[in-house]
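The values are calculated or read from the model by the stated rules, or taken from the named source; none is laboratory data. Because the structure is predicted, anything quoted here is derived from the model rather than measured. We place every Cβ from the backbone using ideal geometry, glycine too, and count neighbours over all the protein chains shown. What goes into the accessible areas is simple: the full protein's heavy atoms, side chains included, and nothing from ligands, DNA or RNA. Shrake-Rupley method; radii C 1.70, N 1.55, O 1.52, S 1.80 Å.
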Amino acid sequence: MSMLLHLLLIYLSNALNNQSSLRIDAILPSLPEFLRDIFLSLLIREVLFYYTHRLLHTRPLYARIHKQHHRFTAPVALAAQYAHPIEHLFANVIPIALPPQILRSHLLTNWAFLAFELLETATVHSGYDFLAGSAKKHDLHHEKFLVNFGSLGVLDWVHGTEKLGKKIAAD
């Protein structure tokens, strides 16, 4: 499904404005361009994922769609992609596929962003904490459900949903 969406977005971009949504050429992006596009893609992904994920936790959508993913209260890496097809499309695929295409990033930057996101998603669901507390925060999300919705934590901080184990025990 992910590949089909990527191909559809590229096709639509070509059909609508006669150019690819990703920059595909032999000239590699400069380091500042590469880092800028990765950084902006991370921010756009945070916005798309946070609000979609938060919406999936509303009463009508949780039971029908998102509960499948939360069957893993102590997640493992393979649980990262264990989701209802609607959730997979709107919470997993689009927030990762769209940012580099919005920015018209170089194909290499898109691949690097995709690789990082797949590594991050598998890592936070692995139970091993390689990324500065991300796995602990996500494990807590699977235990408590209404905390730590985002991937970076920026919008969790803005909306007051960022919690750590010690802090939530006191709440």
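Before moving on, here are some points about what is shown:
- Remark: region 149-162, residue by residue, has Karplus-estimated 3J(HN,Hα) of 7, x, 9, 8, x, 4, 6, 5, 5, 4, 8, x, 9, 7 Hz, where x stands for each Gly or Pro and the curve is 6.51 cos²θ - 1.76 cosθ + 1.60 at θ = phi - 60°.
- Residue 82 - accessible surface, heavy atoms, 1.4 Å probe, Å² rounded to 10: 80 Å²
- Estimated FRET transfer efficiency when R0 is 35 angstrom, pair residue 63-residue 24 (beta carbons, to 0.05): 0.25
- For residue 106, residues with placed amide H under 5 Å, excluding near neighbours: 23
- For region 24-32, Karplus couplings with θ = phi - 60° (6.51, -1.76, 1.60), whole Hz, Gly/Pro x: 10, 8, 6, 7, 6, x, 5, 4, x
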